[in-house]
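The values are calculated or read from the model by the stated rules, or taken from the named source; none is laboratory data. For clarity, every value in this text was computed on a predicted model and none was experimentally measured. For neighbour counting, all protein chains shown are included, and Cβ atoms are generated from backbone atoms with ideal geometry for every residue, glycine included.
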Amino acid sequence: MSPAKDSVVALPRTRKQRKRFKRKVKIKAKRRAQKLEKLKERENVTPLVKKYWLQRYDLFSMYDVGVKLDEEGWFSVTPEEIAARQAERCAGAGVVIDAFAGVGGNAIQFAKVCHRVVAVDVDPNKVQLAFHNAKIYGVEDCIDFIVGDFFQLAPFLKGDVVFLSPPWGGPSYKAKENFTLDLLKPKDGHSLFQVAQAITPNIIMYLPRNLDMLQASELSWLSSPPLDVEIEENFVRGNSKGITLYFGDTALHGSVRLTGCIVDKDCNIGE
Ligand code: MGP
Ligand code: SAH
(Lines give C-alpha, C1' and ligand atoms only; values in the text may rest on other atoms or scores of the structure.)
(Ligands and ions follow the chains in the order given, each with its own letter.)
Protein backbone atom coordinates (compact mmCIF):
# COMPACT_ATOMS: atom_id res chain seq x y z
CA MET A 1 0.00 0.00 0.00
CA SER A 2 1.25 3.51 -0.75
CA PRO A 3 1.73 5.94 2.24
CA ALA A 4 -0.94 8.23 0.79
CA LYS A 5 -3.54 5.45 0.82
CA ASP A 6 -2.52 4.51 4.38
CA SER A 7 -3.56 7.87 5.84
CA VAL A 8 -6.87 8.13 3.98
CA VAL A 9 -10.01 7.37 6.05
CA ALA A 10 -12.40 5.11 4.17
CA LEU A 11 -15.33 7.37 3.25
CA PRO A 12 -18.47 6.11 1.53
CA ARG A 13 -17.93 6.44 -2.20
CA THR A 14 -21.12 5.50 -3.97
CA ARG A 15 -24.41 7.38 -3.61
CA LYS A 16 -25.95 4.41 -1.86
CA GLN A 17 -23.04 4.15 0.60
CA ARG A 18 -23.22 7.88 1.33
CA LYS A 19 -26.95 7.66 2.00
CA ARG A 20 -26.50 4.72 4.36
CA PHE A 21 -23.67 6.54 6.15
CA LYS A 22 -25.79 9.67 6.64
CA ARG A 23 -28.69 7.61 7.97
CA LYS A 24 -26.38 5.89 10.47
CA VAL A 25 -25.03 9.23 11.73
CA LYS A 26 -28.59 10.55 12.11
CA ILE A 27 -29.75 7.47 14.05
CA LYS A 28 -26.73 7.68 16.36
CA ALA A 29 -27.37 11.37 17.09
CA LYS A 30 -31.07 10.65 17.75
CA ARG A 31 -30.20 7.81 20.14
CA ARG A 32 -27.71 10.03 21.96
CA ALA A 33 -30.32 12.78 22.36
CA GLN A 34 -32.94 10.26 23.59
CA LYS A 35 -30.47 8.85 26.12
CA LEU A 36 -29.70 12.33 27.42
CA GLU A 37 -33.42 13.16 27.70
CA LYS A 38 -34.06 9.94 29.66
CA LEU A 39 -31.15 10.73 31.99
CA LYS A 40 -32.47 14.24 32.61
CA GLU A 41 -35.95 12.88 33.31
CA ARG A 42 -34.59 10.29 35.74
CA GLU A 43 -32.56 12.91 37.57
CA ASN A 44 -35.49 15.33 37.79
CA VAL A 45 -33.87 17.99 35.62
CA THR A 46 -36.50 20.74 35.37
CA PRO A 47 -36.09 23.53 32.76
CA LEU A 48 -34.70 25.80 35.52
CA VAL A 49 -32.14 23.20 36.51
CA LYS A 50 -30.98 22.23 32.99
CA LYS A 51 -28.25 24.91 32.81
CA TYR A 52 -26.77 23.78 36.11
CA TRP A 53 -27.09 20.08 35.23
CA LEU A 54 -24.88 20.72 32.21
CA GLN A 55 -22.25 21.99 34.68
CA ARG A 56 -22.75 19.00 37.01
CA TYR A 57 -19.11 17.85 37.07
CA ASP A 58 -17.99 21.39 38.01
CA LEU A 59 -20.42 21.28 40.91
CA PHE A 60 -19.47 17.79 42.09
CA SER A 61 -16.58 15.91 40.47
CA MET A 62 -18.07 12.68 41.89
CA TYR A 63 -21.51 13.42 40.44
CA ASP A 64 -21.69 10.09 38.65
CA VAL A 65 -21.15 8.13 41.87
CA GLY A 66 -24.67 9.16 42.89
CA VAL A 67 -24.66 12.79 44.08
CA LYS A 68 -28.20 14.10 44.62
CA LEU A 69 -29.55 17.65 44.55
CA ASP A 70 -32.98 19.29 44.73
CA GLU A 71 -33.95 22.30 42.62
CA GLU A 72 -32.64 24.95 45.03
CA GLY A 73 -29.54 22.83 45.57
CA TRP A 74 -28.80 22.86 41.83
CA PHE A 75 -28.71 26.62 41.51
CA SER A 76 -27.15 27.34 44.90
CA VAL A 77 -24.41 24.79 45.42
CA THR A 78 -20.88 26.19 45.44
CA PRO A 79 -18.86 24.67 42.56
CA GLU A 80 -16.39 22.16 43.96
CA GLU A 81 -13.27 24.02 42.87
CA ILE A 82 -14.44 27.19 44.63
CA ALA A 83 -15.56 25.30 47.75
CA ALA A 84 -12.14 23.62 47.93
CA ARG A 85 -10.41 26.98 47.63
CA GLN A 86 -12.56 28.46 50.41
CA ALA A 87 -11.84 25.42 52.58
CA GLU A 88 -8.07 25.79 52.08
CA ARG A 89 -8.22 28.94 54.23
CA CYS A 90 -9.50 26.83 57.12
CA ALA A 91 -7.02 23.97 56.76
CA GLY A 92 -6.29 22.54 60.21
CA ALA A 93 -9.08 24.53 61.88
CA GLY A 94 -10.89 22.92 64.81
CA VAL A 95 -14.56 23.52 64.04
CA VAL A 96 -16.07 25.17 60.96
CA ILE A 97 -19.75 26.09 61.10
CA ASP A 98 -21.45 25.96 57.69
CA ALA A 99 -24.52 28.01 58.58
CA PHE A 100 -26.43 27.43 55.30
CA ALA A 101 -25.16 24.01 54.28
CA GLY A 102 -27.58 23.22 51.44
CA VAL A 103 -26.74 19.93 49.70
CA GLY A 104 -23.24 19.93 51.20
CA GLY A 105 -21.02 21.46 48.50
CA ASN A 106 -19.01 23.45 51.05
CA ALA A 107 -19.39 21.20 54.08
CA ILE A 108 -17.79 18.31 52.17
CA GLN A 109 -14.73 20.37 51.25
CA PHE A 110 -14.37 21.76 54.79
CA ALA A 111 -14.57 18.22 56.16
CA LYS A 112 -11.62 17.21 53.98
CA VAL A 113 -9.26 19.71 55.64
CA CYS A 114 -10.72 20.58 59.06
CA HIS A 115 -11.22 18.55 62.20
CA ARG A 116 -14.98 19.00 62.49
CA VAL A 117 -17.78 20.65 60.54
CA VAL A 118 -21.18 21.70 61.86
CA ALA A 119 -23.56 21.76 58.89
CA VAL A 120 -26.82 23.62 59.53
CA ASP A 121 -29.78 23.94 57.18
CA VAL A 122 -33.38 24.87 57.90
CA ASP A 123 -34.67 22.42 55.26
CA PRO A 124 -34.65 18.77 56.46
CA ASN A 125 -34.52 17.49 52.87
CA LYS A 126 -31.32 19.50 52.24
CA VAL A 127 -29.73 17.99 55.34
CA GLN A 128 -30.61 14.50 54.10
CA LEU A 129 -29.11 15.28 50.70
CA ALA A 130 -25.99 16.77 52.32
CA PHE A 131 -25.54 13.62 54.42
CA HIS A 132 -26.00 11.42 51.35
CA ASN A 133 -23.46 13.46 49.34
CA ALA A 134 -20.97 13.54 52.24
CA LYS A 135 -21.12 9.73 52.31
CA ILE A 136 -20.18 9.65 48.64
CA TYR A 137 -17.09 11.71 49.45
CA GLY A 138 -16.39 9.57 52.54
CA VAL A 139 -16.48 12.50 54.98
CA GLU A 140 -19.86 12.04 56.72
CA ASP A 141 -18.20 11.08 60.03
CA CYS A 142 -16.46 14.49 60.23
CA ILE A 143 -19.72 16.44 59.95
CA ASP A 144 -22.47 17.10 62.51
CA PHE A 145 -25.67 17.65 60.54
CA ILE A 146 -28.27 19.89 62.15
CA VAL A 147 -31.75 20.74 60.89
CA GLY A 148 -32.54 24.22 62.15
CA ASP A 149 -32.65 27.97 61.68
CA PHE A 150 -29.12 29.37 61.96
CA PHE A 151 -30.37 32.59 63.55
CA GLN A 152 -32.00 30.64 66.37
CA LEU A 153 -29.13 28.20 66.79
CA ALA A 154 -26.27 30.72 66.61
CA PRO A 155 -26.23 31.68 70.33
CA PHE A 156 -25.60 28.01 71.16
CA LEU A 157 -22.93 27.31 68.51
CA LYS A 158 -19.18 27.39 69.06
CA GLY A 159 -16.67 27.34 66.23
CA ASP A 160 -13.37 28.66 64.92
CA VAL A 161 -14.71 29.74 61.53
CA VAL A 162 -18.25 30.52 60.36
CA PHE A 163 -19.04 30.08 56.67
CA LEU A 164 -22.05 31.97 55.29
CA SER A 165 -23.60 31.16 51.91
CA PRO A 166 -27.21 32.29 52.41
CA PRO A 167 -29.93 32.34 49.74
CA TRP A 168 -29.45 35.19 47.25
CA GLY A 169 -33.10 35.21 46.20
CA GLY A 170 -32.84 32.62 43.39
CA PRO A 171 -31.16 32.79 39.96
CA SER A 172 -32.80 36.18 39.32
CA TYR A 173 -30.25 37.76 41.68
CA LYS A 174 -28.30 38.89 38.60
CA ALA A 175 -31.12 41.13 37.39
CA LYS A 176 -29.78 43.73 39.86
CA GLU A 177 -26.88 45.81 38.62
CA ASN A 178 -25.63 46.28 42.15
CA PHE A 179 -26.48 43.52 44.60
CA THR A 180 -26.83 45.10 48.03
CA LEU A 181 -26.67 43.22 51.33
CA ASP A 182 -30.32 43.88 52.17
CA LEU A 183 -31.27 41.52 49.29
CA LEU A 184 -29.90 38.45 51.08
CA LYS A 185 -32.42 36.01 52.58
CA PRO A 186 -33.83 35.31 55.11
CA LYS A 187 -32.20 38.37 56.78
CA ASP A 188 -30.02 41.19 55.48
CA GLY A 189 -26.24 40.80 55.33
CA HIS A 190 -25.49 43.19 58.21
CA SER A 191 -27.71 41.28 60.65
CA LEU A 192 -26.29 37.99 59.41
CA PHE A 193 -22.72 39.18 59.83
CA GLN A 194 -23.38 40.41 63.36
CA VAL A 195 -24.92 37.11 64.38
CA ALA A 196 -21.89 35.25 63.00
CA GLN A 197 -19.48 37.68 64.63
CA ALA A 198 -20.85 36.81 68.04
CA ILE A 199 -19.43 33.32 67.41
CA THR A 200 -16.06 34.27 65.88
CA PRO A 201 -14.45 37.07 63.85
CA ASN A 202 -13.19 34.44 61.39
CA ILE A 203 -15.99 34.59 58.87
CA ILE A 204 -16.14 33.58 55.21
CA MET A 205 -19.05 34.79 53.07
CA TYR A 206 -19.90 33.58 49.56
CA LEU A 207 -21.91 36.25 47.74
CA PRO A 208 -23.09 37.24 44.23
CA ARG A 209 -20.65 38.48 41.62
CA ASN A 210 -22.70 41.68 41.16
CA LEU A 211 -22.17 42.49 44.85
CA ASP A 212 -21.81 46.09 45.98
CA MET A 213 -18.09 45.79 46.88
CA LEU A 214 -17.84 48.91 48.98
CA GLN A 215 -20.81 47.93 51.11
CA ALA A 216 -19.39 44.42 51.50
CA SER A 217 -15.94 45.53 52.58
CA GLU A 218 -17.54 47.90 55.09
CA LEU A 219 -18.78 44.87 57.02
CA SER A 220 -15.31 44.76 58.58
CA TRP A 221 -16.08 48.11 60.27
CA LEU A 222 -18.86 46.51 62.30
CA SER A 223 -16.04 45.35 64.56
CA SER A 224 -13.69 47.51 66.59
CA PRO A 225 -10.85 47.54 65.65
CA PRO A 226 -11.98 46.73 62.09
CA LEU A 227 -11.40 43.17 60.96
CA ASP A 228 -8.92 42.21 58.28
CA VAL A 229 -10.86 41.62 55.08
CA GLU A 230 -9.97 40.14 51.74
CA ILE A 231 -12.22 40.07 48.70
CA GLU A 232 -11.77 37.39 46.07
CA GLU A 233 -13.63 36.87 42.81
CA ASN A 234 -14.19 33.21 42.01
CA PHE A 235 -14.06 31.75 38.52
CA VAL A 236 -14.80 28.37 36.99
CA ARG A 237 -13.42 27.83 33.48
CA GLY A 238 -12.84 31.56 33.21
CA ASN A 239 -16.47 32.42 34.10
CA SER A 240 -17.11 34.52 37.16
CA LYS A 241 -19.36 32.64 39.62
CA GLY A 242 -19.29 34.61 42.86
CA ILE A 243 -17.37 36.70 45.36
CA THR A 244 -15.83 35.40 48.55
CA LEU A 245 -15.18 37.70 51.50
CA TYR A 246 -12.64 36.48 54.03
CA PHE A 247 -12.62 38.17 57.45
CA GLY A 248 -10.32 37.90 60.47
CA ASP A 249 -7.73 35.14 60.39
CA THR A 250 -9.15 33.68 57.17
CA ALA A 251 -7.94 36.77 55.23
CA LEU A 252 -4.48 36.36 53.69
CA HIS A 253 -1.53 37.76 55.63
CA GLY A 254 -0.77 41.30 54.59
CA SER A 255 -4.25 41.89 53.24
CA VAL A 256 -5.29 44.14 56.11
CA ARG A 257 -8.32 46.27 55.22
CA LEU A 258 -8.09 45.93 51.45
CA THR A 259 -11.16 48.10 50.92
CA GLY A 260 -12.37 47.72 47.37
CA CYS A 261 -9.48 45.51 46.25
CA ILE A 262 -9.89 42.21 44.50
CA VAL A 263 -7.61 39.25 44.76
CA ASP A 264 -8.12 37.29 41.57
CA LYS A 265 -7.91 33.55 41.01
CA ASP A 266 -4.14 33.77 40.54
CA CYS A 267 -3.78 35.73 43.80
CA ASN A 268 -2.95 39.01 42.04
CA ILE A 269 -4.19 41.98 44.00
CA GLY A 270 -5.82 44.75 42.00
CA GLU A 271 -7.65 47.99 42.76
P1 MGP B 1 -25.74 31.53 38.37
O2 MGP B 1 -25.31 32.91 38.06
O3 MGP B 1 -27.18 31.29 38.59
O4 MGP B 1 -25.20 30.49 37.30
O5 MGP B 1 -24.98 31.02 39.69
P6 MGP B 1 -24.16 30.66 36.09
O7 MGP B 1 -23.89 29.31 35.61
O8 MGP B 1 -22.99 31.48 36.51
O9 MGP B 1 -25.08 31.38 35.07
P10 MGP B 1 -24.84 32.56 34.04
O11 MGP B 1 -25.80 32.28 32.96
O12 MGP B 1 -25.19 33.79 34.80
O13 MGP B 1 -23.43 32.52 33.61
C14 MGP B 1 -23.57 31.02 39.81
C15 MGP B 1 -23.19 30.40 41.11
O16 MGP B 1 -23.68 31.23 42.16
C17 MGP B 1 -23.82 29.06 41.42
O18 MGP B 1 -23.05 28.00 40.87
C19 MGP B 1 -23.84 29.03 42.91
O20 MGP B 1 -22.58 28.62 43.41
C21 MGP B 1 -24.03 30.47 43.28
N22 MGP B 1 -25.41 30.78 43.65
C23 MGP B 1 -26.40 31.11 42.83
N24 MGP B 1 -27.52 31.37 43.56
C25 MGP B 1 -28.80 31.78 43.03
C26 MGP B 1 -27.21 31.20 44.89
C27 MGP B 1 -27.92 31.35 46.12
O28 MGP B 1 -29.10 31.69 46.18
N29 MGP B 1 -27.23 31.11 47.25
C30 MGP B 1 -25.92 30.74 47.24
N31 MGP B 1 -25.30 30.52 48.40
N32 MGP B 1 -25.23 30.58 46.09
C33 MGP B 1 -25.86 30.82 44.93
N1 SAH C 1 -23.30 26.32 50.24
C2 SAH C 1 -24.38 25.40 49.97
C3 SAH C 1 -25.56 26.08 49.33
C4 SAH C 1 -26.33 26.96 50.26
S5 SAH C 1 -27.86 27.53 49.57
C6 SAH C 1 -23.85 24.26 49.08
O7 SAH C 1 -22.72 24.38 48.56
O8 SAH C 1 -24.55 23.27 48.91
C9 SAH C 1 -28.59 28.29 50.93
C10 SAH C 1 -29.25 27.34 51.91
O11 SAH C 1 -29.70 28.08 53.04
C12 SAH C 1 -30.49 26.61 51.41
O13 SAH C 1 -30.26 25.23 51.40
C14 SAH C 1 -31.60 26.95 52.41
O15 SAH C 1 -32.44 25.85 52.75
C16 SAH C 1 -30.79 27.39 53.61
N17 SAH C 1 -31.44 28.30 54.57
C18 SAH C 1 -32.32 29.29 54.33
N19 SAH C 1 -32.65 29.91 55.48
C20 SAH C 1 -31.96 29.32 56.47
C21 SAH C 1 -31.84 29.52 57.88
N22 SAH C 1 -32.55 30.49 58.49
N23 SAH C 1 -31.01 28.74 58.59
C24 SAH C 1 -30.30 27.76 57.98
N25 SAH C 1 -30.38 27.50 56.65
C26 SAH C 1 -31.18 28.27 55.90
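Output the residues belonging to the stretch 15-65 that are within 16 Å of ligand 2 (Cβ to nearest atom) and not aromatic (Phe, Trp, Tyr). The answer is Leu48, Val49, Gln55, Arg56, Asp58, Leu59, Ser61, Met62. Working only within the stretch 107-126, note down all residues that are within 12 Å of Val162 (Cα to Cα) and within 6 Å of ligand 2 (Cβ to nearest atom). Correct list: Val120 only.
Just one of the listed residues (Ala134, Ala107, Ala130) is more than 14 Å from ligand 1 (Cβ to nearest atom), free of Cβ contacts under 8 Å to residues at least 40 places away in the same chain and either assigned by TED's automatic domain parsing to the domain that holds Val162 or under 18 Å from Leu192 (Cβ atoms) (or both), and it is Ala134. Every test in (1) touching a helix residue (DSSP H, G or I) at 6+ places or on another chain (Cβ under 7 Å); (2) within 16 Å of ligand 1 (Cβ to nearest atom); (3) not assigned by TED's automatic domain parsing to the domain that holds Ala119 is passed by Glu72 save one, and that test is (1).
Taken over the stretch 142-168, residues that are of a type in the set (Asp, Glu) and over 17 Å from Val96 (Cβ atoms) amount to 1.
Figure legend. Inter-residue proximity from the stretch 20-33: first residues surrounded by 10 or more Cβ atoms within 10 Å (Cβ to Cβ), second residues not polar (S, T, N, Q), beta-carbon distance below 9 Å, spacing 6+ or different chains. Indicated pairs: Arg20/Pro12; Phe21/Leu11; Phe21/Pro12; Lys22/Pro12. Taken as a whole, the structure leaves Trp221 outside the set of residues that are of a type in the set (Phe, Trp, Tyr) and at pLDDT 95 or above.
Within the stretch 202-225, the residues that satisfy the criterion of being of a type in the set (D, E, K, R) and away from ligand 2 (no atom under 16 Å from the Cβ) are Asp212, Glu218.
The set of residues in the stretch 54-72 that are part of a loop (DSSP other than H, G, I, E, B) and touching a residue at least 12 places away in the same chain (Cβ under 8 Å) comprises Gln55, Phe60, Ser61, Met62, Gly66, Val67, Lys68, Leu69, Asp70. Within the stretch 217-239, being outside any loop (DSSP other than H, G, I, E, B) and over 30 Å from Tyr57 (Cβ atoms) holds for Ser217, Glu218, Leu219, Ser220, Trp221, Leu222, Val229. Check the stretch 190-201 and report whether any residue there is of a type in the set (Ser, Thr, Tyr), without any contact (Cβ under 8 Å) to a residue 40 or more places away in the chain and more than 16 Å from ligand 2 (Cβ to nearest atom). Checked against the condition, which is being of a type in the set (Ser, Thr, Tyr), without any contact (Cβ under 8 Å) to a residue 40 or more places away in the chain and more than 16 Å from ligand 2 (Cβ to nearest atom), the stretch 190-201 yields no hits at all. Residue count for the stretch 169-194 under the criterion of being among the aliphatic types (A, V, I, L, M) and closer than 18 Å to Tyr246 by Cβ: the result is 3. When Ala93 is tested against (1) of a type in the set (A, V, I, L, M, F, W, C); (2) outside the structural domain of Ile143 (by TED's automatic domain parsing); (3) more than 12 Å from ligand 2 (Cβ to nearest atom), just one condition goes unmet, and that condition is (2). Consider Gln86 carefully, then state whether it is closer than 18 Å to Ser165 by Cα and assigned to a helix (DSSP H, G or I). Yes; evaluated as a whole, the condition is true for this residue. Output yes when any residue across the stretch 160-173 is of a type outside the set (A, V, I, L, M, F, W, C), over 20 Å from the mean Cα position of the chain (by Cα) and closer than 24 Å to Ala91 by Cβ, and no when none is. Within the stretch 160-173, one or more residues are of a type outside the set (A, V, I, L, M, F, W, C), over 20 Å from the mean Cα position of the chain (by Cα) and closer than 24 Å to Ala91 by Cβ. Here Lys50 clears all of (1) at pLDDT 90 or above; (2) in a loop (DSSP other than H, G, I, E, B) except the condition numbered (2).
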